[in-house]
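Asks: Input: one structure, supplied below.
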Amino acid sequence: MITVKCQRCGKEFKTYKSKKKKFCSQDCYFKCMSFIFIGRPVYNGEPSIIKKCLTCGNDFKAYKSILNKGGGKYCSRICRTTHILKTCSFCGKTYFSEKHRENRSKFCSIICKQKSLIGKFDESGYHWKGDNIGYAGVHVWAKKHLGIHPNICQHCGKKGKFLYRKDERKFWNIDFANKSGLYLRDLTDWLFLCKKCHKKYDLHNNLPHPEFTH
């Protein structure tokens with residue numbers, strides 16, 4: 001056994017050489033690695049820089065290597081996941097978004113995001129791909145011509161309505177199901193099925209699993 005000096009508190013402790021321990025306890029380890037610990041020493045000679053939290057405004061220390069990766073903006077996990085009020089770019093409604101997704105979040109729901117795409121992929125648009133369209137694109141095309149919200153499941157008769165996921169995002173419970181599995185620009189090649197019937201239909205007809213989910 002060898003005697004090692006803790007890199008945080010300076011206390012000497014004994015350990016096996018093969019374990020290569022640097023801290024005398026888990027408490028010293030977590031306090032040294034935590035971003036909210038203000039009085040920690042320099043770890044492995046790496047300089048720490050004092051930053052101001054974008055949420056609460058408190059000063060905290062962050063390593064230079066973390067800053068180079070784009071981190072070091074918030075003093076704690078709580079401040080990082082704090083929700084802020086934003087306005088939907090499509091419907092204009094206000095909604096809450098996580099602070100770190102402020103620049104990426106533009107829509108209050110997946111429905112508004114899909115509606116915003118309609119009209120940008122017409123034949124006159126520069127995004128038009130013709131028959132080389134992908135899975136997501138052909139669904140946008142079908143919803144434009146057949147309607148975004150089907151009223152009823154064509155198999156079991158379940159009525160269409162909004163449901164909510166665990167993260168409180170809403171979605172329509174009736175899917176666009178493709179009959180052939182080829183996802184062509186053919187309006188007669190589509191069915192309106194609920195989630196349960198859609199799954200049974202694809203399994204029964206041995207259709208290939210799509211790259212994306214609805």
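The values are calculated or read from the model by the stated rules, or taken from the named source; none is laboratory data. The structure presented is a predicted model; accordingly, all values stated were derived computationally and were not measured. Heads up, the Cβs are rebuilt from the backbone with ideal geometry, glycines too, and the neighbour counts pull from every protein chain shown.
Asks: Of everything in the stretch 62-77, what is surrounded by fewer than 17 Cβ atoms within 10 Å (Cβ to Cβ), assigned to a loop (DSSP other than H, G, I, E, B) and in contact (Cβ under 8 Å) with a residue 12 or more places away in the chain? Give them in sequence order.
Replies: Within the stretch 62-77, just Ser76 meets the criteria.
Asks: Anything in the stretch 140-176 that is under 27 Å from Gly130 (Cβ atoms) and in contact with a Cys (Cβ under 8 Å, 6 or more places away or on another chain)? List them, or say none.
Replies: Asp175
Asks: Collect the residues in the stretch 105-148 that are touching an Asp or Glu at 6+ places or on another chain (Cβ under 9 Å), at pLDDT below 85 and under 30 Å from Ile84 (Cα atoms), keeping them in residue-number order.
Replies: Ala136
Asks: Counting just the residues of the stretch 155-194 that are loosely packed, with under 11 Cβ neighbours inside 10 Å and among the acidic types (Asp, Glu), which one comes out farthest from the chain's Cα centre (by Cα)?
Replies: Looking at residues that are loosely packed, with under 11 Cβ neighbours inside 10 Å and among the acidic types (Asp, Glu), I get Glu168.
Asks: A further question on this structure: Hey, could you check the stretch 78-94 for residues that are assigned to a loop (DSSP other than H, G, I, E, B) and not basic (Lys, Arg) and say which is surrounded by the fewest Cβ atoms within 10 Å (Cβ to Cβ)?
Replies: Gly92
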